[in-house]
Amino acid sequence: MKKLSYLLSILLVAIFYGCKEQEQPYVGYIVIERAVLEAAEGSTTTLTADTDIPSEILLSVEEGADWCTVSASGKTITVKATQTNPDPSNYRTATVNVRCGYRTTTFTVLQKYEGQNTLQYDWTKWTATGSDVETSDGGGYASLFSEDRTKYWHSQYSDGGAPLPHWLVIDMKEELECISFAIGRRAYGENNYGSVKKLELWVSTNNEDFIEVGGFTFSLPWEAPDGTIVEDNSPLIPAEEVISLQEPVTARYVKLVITETNTSNGACQVAYLKAYGKI
């Protein structure tokens, strides 16, 4: 009896470790990139799913996104706009749920607004550093990644201030193909601050080797489009400066170098930096 119990114990241990060491079955992978549609009704695009799963691809659009349809034939996915994007200045998106065999995933459908050819990159994980900062004024480096222009980076003016040039380095956390950039101006009430006179924009993939790709000069006094001569902060000053490139550049790091200001003490503010890619 003891011998039988001993043999049963050995058998159970063998079964336990055999099950423990057994590998989970491979279920494959599937990756589908974002689909981009033009603004007009009837706009269509096709995608090819990157997958090693032989099963049929099943698709469903999230509830409420009745402006597009999706279908699959083998690895080819067709996306169609059933309605025109009614918003003249904003794109819209829908999430598509995907099932292929035991694997599930999602992808995004983006419908452009009329005339749109760029898309702002997500800046939620970006960080920044710089030559100097007035930590008690504006919100510091973190303020560079917000639409709120009442929050901003301010150059140091305490303790005698920091000399020109001022510089900021933005880490976008990954290499991106950039076709344009926007530099926001500080807002206070109805006024926009034109404190930055001359700015250079440099890019790098390694934070060491930078190349200059653009910049702007904004001098006060300045003549507004309506002929008004602006000499100080004003609602007539544009909320941002856009630097557009002829060809995209690959960058992870963006460096803003401010070499001149429109202030007597060399102080200035930057509200945000946006980067855009082609779509």
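Coordinate-derived values only; no laboratory data. Not measured: the values here are computed from a predicted model. Note: ideal-geometry Cβ built from the backbone for every residue, glycine included; neighbour counts use all protein chains shown.
The table below lists the values:
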quantity	calculated
Given 15 as the ceiling on other Cβ atoms within 10 Å, longest exposed-site-free region of the chain for GluC sites (Glu not before Pro) in DSSP loops	64-113
Amide hydrogen neighbours beyond the local backbone of Thr118, cut-off 5 Å, H modeled	Ile279
Alpha carbon convex hull of the range 30-115, projected area averaged over orientations, nm²	5.1 nm²
Radius ratio Rg over Rh of the range 120-278, counting only Cα atoms, Kirkwood formula for Rh	0.95
Over the chain: helical MRE at 222 nm, DSSP H runs n ≥ 4 each giving -39500 (n - 2.57), nearest 500	-2500 deg cm²/dmol
Count of lysine pairs in the chain with Cα separation under 23 Å (8 or more residues apart, or interchain)	23
Semi-axis lengths (Å, descending) of the ellipsoid that matches the C-alpha gyration tensor of the chain	52, 29, 16
Loop sites in the range 46-138: trypsin sites (Lys or Arg not before Pro), DSSP, at most 11 other Cβ within 10 Å	Lys125
